[in-house]
Amino acid sequence: MDVQDNQILGMEKKHKLCFRSIQDMIPARAVLYLMSFSGFLVSFMMRTDINIAMVAMAKMRLRSENSSNLTELYCYTSVSNGTQSFEDQKPMEEGEFDWDSTVQSAILGSFYWCYILSQVVGGVLTQRFGTKTVFGFSQLTTAIASLLIPQAASLHFSAVIALRSLQGMASGLTWPAMYALVGIWIPSNERTRFMSSFQGFSFGIGLTYMVCGFIIGNYGWRVVFYMNGSLGVAWCLLWWLLAFDLPHKHPRITRRELNYINANIGENIINTKDLKVPWCSIMTSIPAWSIGITTFGRIWVHYTFIIYGPSYMKTILGFSIQKNGFMNGAPFLCSYLSSVVFCYAADFIIARNLMSLTNVRKMFTAISQVIPGLLVLTIGYLGCQITLILIIWFVAVTLITASYAGAMANVVDIAPNFAGHILAFAQTIHMSASFLSPLAAAIMLQDNPTLERWRRIFAVTACVACGTYVMYQFGGTAKEQVWNNPNRKNNSGSVRVSPENNQLIVNNKTDPERGDG
């Protein structure tokens with residue numbers, strides 16, 4: 001029996017070692033990348049599903065004084081027995097609730113009212129409780145609210161607005177929380193590539209439009225909210241098991257990876273829990289304002305596609321709900337791939353010193369909003385040249401992702417220790433475009449979605465996108481700000497966190513061991 005027991009124990013030990021070796025082959029940073037990607041994917045599925053669902057939820061209200069010339073403003077899709085116009089759509093697609101454009105705009109924009117207000121709160125809560133807790137509970141709250149939206153819609157539109165506002169408040173905590181984790185976990189030479197994980201949101205938007213368009217067309221809009229809410233709850237369970245705030249607290253990280261992270265995260269990355277956040281310096285920082293203002297323009301053009309894209313394809317291009325979902329979703333699915341290409345291209349240019357870091361950030365920022373701003377302007381003047389419209393639509397949406405190698409990555413450049421707080425400040429500025437954009441569109445449409453009114457929307461979008469970039473061109477920089485490390489004022493060396501006891505370590509510039517984990 002002793003021999004048998006020893007053999008069994010040996011086999012169990014061998015299996016454990018084998019499993020451990022497999023675990024060791026997967027870096028903890030890779031798991032964090034996947035959780036970041038999937039987290040933003042699920043988050044944006046829950047926040048954007050209502051954009052496509054609204055096409056089936058609300059009746060399309062058209063002003064009677066223009067009814068005589070509405071037909072000439074719509075494009076038609078060919079079918080075997082003639083043409084199919086807007087009036088020929090299925091009853092399910094005509095909408096269930098009699099909500100006018102003001103109510104629809106309030107529902108679509110309500111998410112972003114509280115989303116903006118919670119940005120600074122997200123930075124403070126992350127500093128206090130850590131990314132794992134803040135990101136996890138914000139996702140859980142958003143998921144539960146998503147599950148309740150179908151009942152709320154049947155009750156009253158104000159109940160939907162309340163739930164969407166709650167989702168916005170919770171989701172506003174996610175970006176500052178994740179940005180704070182980047183400076184601690186990701187080596188400086190990998191940060192731009194890691195930022196591509198944030199493009200899980202583009203994948204989420206694309207998946208939402210394509211899948212939800214199919215689901216709505218076949219099973220009704222309510223199933224969309226039940227599905228996405230359930231996915232959100234399931235993701236929270238995985239996040240709680242796999243995510244950790246600090247590398248040395250990760251139970252499965254290898255010593256080799258931990259040493260690599262500590263040696264490459266940057267000599268001025270410190271534990272900020274005991275530091276006072278330099279809010280005055282952040283709010284008076286020209287680089288921080290430049291990031292916020294220029295990204296306002298990028299968000300404006302982005303949300304013109306995200307929120308009003310389905311409406312344009314329904315009222316002008318005459319697409320069915322399934323075709324609408326597919327055509328709106330495809331560019332966003334490809335946006336993730338384009339973001340990876342842009343981020344790797346930025347790292348390639350930086351690594352070979354082909355351009356300064358500041359110029360790299362400015363170049364990719366210009367690609368992300370100036371070119372899409374000009375492209376969106378052309379859409380309204382192409383009439384019913386649907387193929388050309390879809391090509392331009394596709395190119396514009398995919399180029400927007402270059403921002404994650406531009407201004408959005410610049411947040412970590414200027415102050416990695418306070419990246420979450422800078423993002424909170426910048427997002428308070430630029431995310432106001434997320435509700436101002438649909439509000440402006442609703443005012444210009446006024447229940448009369450003619451092609452001429454859509455041209456006005458696209459013209460305003462182009463002006464905002466191009467105009468706000470000017471601020472970044474003159475005020476943007478990748479230079480680390482002096483207030484990133486307050487300890488530098490009192491110490492001649494750098495400061496970092498000990499992986500053993502979470503204490504601050506001061507490294508003198510003459511220390512030959514400086515930079516070793």
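Figures for the structure shown
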item	result
Matching residues, the stretch 438-484, being under 30 Å from Val277 (Cβ atoms) and over 22 Å from the mean Cα position of the chain (by Cα)	Val470, Met471, Gln473, Phe474, Gly475, Thr477, Lys479, Glu480, Gln481, Val482, Trp483, Asn484
Phe474 being under 16 Å from Phe296 (Cβ atoms), open to solvent by 40 Å² or more (accessible area, probe 1.4 Å) and modelled with pLDDT of 85 or more	yes
Thr254, sole failed condition from (1) within 30 Å of Met54 (Cβ to Cβ); (2) open to solvent by less than 80 Å² (accessible area, probe 1.4 Å)	(1)
Conditions (1) modelled with pLDDT of 90 or more; (2) crowded, with 18+ Cβ neighbours inside 10 Å; number of the one not met by Ser338	(1)
Qualifying residue in the stretch 310-319 (condition: among the hydrophobic types (A, V, I, L, M, F, W, C) and open to solvent by 10 Å² or more (accessible area, probe 1.4 Å))	no
Sole residue being within 25 Å of Phe458 (Cβ to Cβ), open to solvent by 40 Å² or more (accessible area, probe 1.4 Å) and in the same structural domain as Met327 (by the TED database), chosen from Leu382, Leu377, Leu357	Leu377
Candidate set: the stretch 477-510, residues that are assigned to a helix (DSSP H, G or I) and open to solvent by 70 Å² or more (accessible area, probe 1.4 Å); chosen: the one modelled with the lowest pLDDT	Lys489
Residue match in the stretch 321-335 (condition: under 23 Å from Gly475 (Cβ atoms) and either open to solvent by 10 Å² or more (accessible area, probe 1.4 Å) or assigned to a helix (DSSP H, G or I) (or both))	no
Residue list for the stretch 151-187, restricted to those being of a type in the set (Phe, Trp, Tyr) and within 30 Å of Asp100 (Cα to Cα)	Phe157
Residue that is out of contact with any strand residue (DSSP E or B) (no Cβ under 9 Å at 6 or more places or on another chain) and aliphatic (A, V, I, L, M), where the choices are Val103, Val121	Val121
Scope the stretch 151-171; condition more than 27 Å from Leu125 (Cβ to Cβ) and surrounded by 20 or more Cβ atoms within 10 Å (Cβ to Cβ); matching residues	Ala153
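The values are calculated or read from the model by the stated rules, or taken from the named source; none is laboratory data. These figures come from a predicted structure and were not determined experimentally. Neighbour counts run over all protein chains shown; Cβ positions are idealised from the backbone, glycine included. For the accessible areas, the whole protein counts, side chains as well, though only heavy atoms, and no ligand, DNA or RNA atoms are used. Shrake-Rupley method; radii C 1.70, N 1.55, O 1.52, S 1.80 Å.
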